[in-house]
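Right, one structure below, let's go through it.
The values are calculated or read from the model by the stated rules, or taken from the named source; none is laboratory data. Since this is a predicted model, take the numbers as computed values, not measurements. When we count neighbours, we look across all protein chains shown, and the Cβ atoms used for this are built from the backbone with ideal geometry, even at glycine.
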Amino acid sequence: MKAEIERWIKKGEQLKQKGFDISRDEDLSIALMNLVSLEEHFYFTAMKTNDAKYLDMLKAVRSLRKKLLGKIVKNPQGEEWCISKHLLATSMRLVEVGTKELSQNGVKNAEPYFKSAFEIHSLFFAINLKMIDSKKMKITLKNKKDGKMMQKFSGIMKKIIDCCKEW
């Protein structure tokens, strides 16, 4: 496992050397999460108020989200486009639930949500940085049960993404 993580970190460093700005894409992914969330809110507001102007706003936000998602999700295979959108939406919702838990019930109750949100966000990048090859990926029942696959992606993202480095 250590060799595999080191290989992925090396691949991340190679992407950086080619001019790929991972921290920019991390910021963009957060913006995309919020755009997906806005789409949902415009939909629910339209349904609750019976006011079609919110559907027009939804359409405009969706158009922007599609354009910006294309900056990260390049040459999607199979359903990677939709998978990517749903990974970001899931991550955002888990952060929101974690934040509510944090304010109402403390850190201990919030941590599982925050951890899951980061793992899902990391999976988004693992797919879109082409760090995983679904044909070669070994998913065993043990990996599924103990969550090691998601932990691998999270560990890698912690090492290759540093949004505070602007040099």
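So which helices (runs of 4 or more DSSP H) are wholly in region 40-138 and hold at least 1 residues that are within 25 Å of Asp27 (Cα to Cα), within 21 Å of the chain's Cα centre (by Cα) and aromatic (Phe, Trp, Tyr)?
Values: elements: 53-69, 80-105, 107-128.
Output list reads 80-105, 107-128.
What are the pairs with Cβ atoms under 7 angstrom where one residue, in region 41-64, is among the β-branched types (Val, Ile, Thr) and surrounded by 11 or more Cβ atoms within 10 Å (Cβ to Cβ) and the other, located anywhere, is outside any loop (DSSP other than H, G, I, E, B) and at pLDDT 95 or above? Sequence gap at least six, or different chains.
Going by the 7 Å Cβ cut-off, the qualifying pairs are Thr45/Tyr54; Val61/Leu35; Val61/Leu38; Val61/Glu39; Val61/Phe42.
Is region 92-113 home to any residue that is among the acidic types (Asp, Glu), surrounded by 15 or more Cβ atoms within 10 Å (Cβ to Cβ) and modelled with pLDDT of 95 or more?
Residues of region 92-113 among the acidic types (Asp, Glu): 96, 101, 111.
Remaining after also requiring surrounded by 15 or more Cβ atoms within 10 Å (Cβ to Cβ): 101.
If we keep only those that are modelled with pLDDT of 95 or more too, we end up with 101.
Within region 92-113, one or more residues are among the acidic types (Asp, Glu), surrounded by 15 or more Cβ atoms within 10 Å (Cβ to Cβ) and modelled with pLDDT of 95 or more.
Tally time: how many residues in region 24-40 are in contact (Cβ under 8 Å) with a residue 40 or more places away in the chain and crowded, with 16+ Cβ neighbours inside 10 Å?
Result for region 24-40: 7.
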